[in-house]
Amino acid sequence: MEDIPVPGMMDGKTYIFHVDANSAFLSWSASYRVNVLGETRDLRSVPSIVGGDQEKRHGIVLAKSIPAKKYGIQTGEAIVTARQKCPGLVVIPPDYGVYVNASRAFIGKFKQYCDNVIQYSIDEAWRVFDGFENLYGRGQMKILPAD
């Protein structure tokens with residue numbers, strides 16, 4: 001990782017981390033169903049999607065589980081097509097109340113460790129660390145690539 005100089009910073013060393021929750025709607029729905037509703041099946045472990053309402057002609061994939069990805073299911077594709085790829089696909093409706101609460105917790109967790117958090121979307125944020133190397137030492141920080 002290289003230093004990114006930002007105008008106005010005292011030492012010119014600012015580290016910006018982009019954080020994006022992978023398949024947030026599916027993950028948050030699955031966690032809510034297991035941890036709050038007491039379901040035994042975790043949607044993250046089976047081919048599943050969060051999808052729009054087919055009756056209202058909003059029948060597209062909004063988020064998918066990792067097992068669903070193995071069938072080639074893509075975000076934004078028609079649910080009908082996704083079901084052709086995976087006949088046993090579990091389809092659940094979106095639950096925006098759950099997503100708003102999960103997003104608040106998601107961003108809140110970042111703010112426990114970093115004052116400068118810029119929320120970009122419901123499941124995505126930028127975290128700005130100024131003087132981060134002073135906390136752990138220049139050679140102590142290791143950045144791992146995204147999957």
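Rounded to 0.05, the FRET efficiency of the residue 70 and residue 98 pair, given R0 = 22 Å and the Cβ-Cβ distance, is 0.30.
Extension gain for the segment residue 120 to residue 105, taken as residue separation times 0.36 nm less the Cα-Cα distance, is 3.9 nm to one decimal.
Let me check something: with ligands and nucleic acids excluded, how do 123, 20 order by accessible area (1.4 Å probe), largest to smallest? Could the numbers behind the result be given before it?
Numbers: 123 30, 20 80 Å².
Largest accessible area first, the list is 20, 123.
Extension gain for residue 41 to residue 18 (0.36 nm times residue separation, less C-alpha to C-alpha distance): 5.2 nm.
For 39, 124, write out the residues from largest to smallest accessible area, computed with a 1.4 angstrom probe and no ligands counted.
Working: 39 60, 124 35 Å².
I get 39, 124, largest accessible area first.
The values are calculated or read from the model by the stated rules, or taken from the named source; none is laboratory data. In this text the structure is predicted, and so the values were computed from the model without any measurement. Counting neighbours? That spans all protein chains shown, and the Cβs are built from the backbone with ideal geometry, glycine included. Surface areas here come from the heavy atoms of the whole protein model, side chains and all, with no ligands, DNA or RNA. Shrake-Rupley method; radii C 1.70, N 1.55, O 1.52, S 1.80 Å.
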